[in-house]
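None of the figures in this text is laboratory data; all of them are computed from the coordinates on show. Here the structure is a predicted model, which is why all the values come from computation and not from measurement. A quick note on method: Cβ atoms are made from the backbone with ideal geometry, for glycine too, and the neighbour counts reach across all protein chains shown.
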Amino acid sequence: MGMSLGAEAALLLGTLDDRIDIVVALAPGAHVWSWIEDGVQTSHWSWKGEPLPFVPFDLDWQPTMTHRAMSTPIGQRLKMFPAEADAARIPAERFKGDLVLMAGGDDKVWPAVEFAEQIAARRGMLETRAMIAAQAGHRFIFPGEEPKVGGQAMAPRWIG
């Protein structure tokens with residue numbers, strides 16, 4: 001089970017490790033994304049010591065008041081780097097176990113609903129349950145939890 005980038009990891013592990021028979025992915029992504037390590041853009045994830053294919057950042061992008069998330073808006077990155085996006089798509093159809101996808105319609109980080117629907121469609125007849133909560137954002141609030149208030153804008157620190 002994982003949320004956001006953790007959902008990315010959970011989905012990947014389901015496709016790579018036959019011992020896993022159920023994955024729960026909250027605010028799932030449908031691709032492997034990049035990050036910056038020691039000033040070099042690389043994959044968030046590796047398998048057996050090798051980085052997995054990833055969708056890169058647009059290093060020339062600058063945040064605005066409307067796009068203050070982690071980096072270039074996700075949809076723009078997918079369009080800018082179509083070959084990389086295709087290679088970085090998480091092959092959830094390879095996971096033969098049960099899959100639960102939970103996505104919020106008010107997700108401001110990435111289009112989790114669209115990603116959940118893409119993943120579910122690719123899995124065809126494999127056991128998949130996509131649960132969409134129209135009012136939910138990127139982080140789900142579970143029974144007994146208090147909503148988070150405040151916080152900070154997620155403007156990237158690595159942009160000069």
Amide H contacts under 5 Å for His31, placed H, 5+ residues apart: Ile90
Please compute, over every Cα-Cα pair in the chain, the percentage with a separation greater than 27 angstrom. 24
Relative contact order of the chain (C-alpha contacts under 8 Å, at least 6 apart) in percent is 25
Given the peptides 110-117, 83-90, 132-139, arrange them by the average over their residues of other C-beta atoms within 10 Å, most packed first. 110-117, 83-90, 132-139
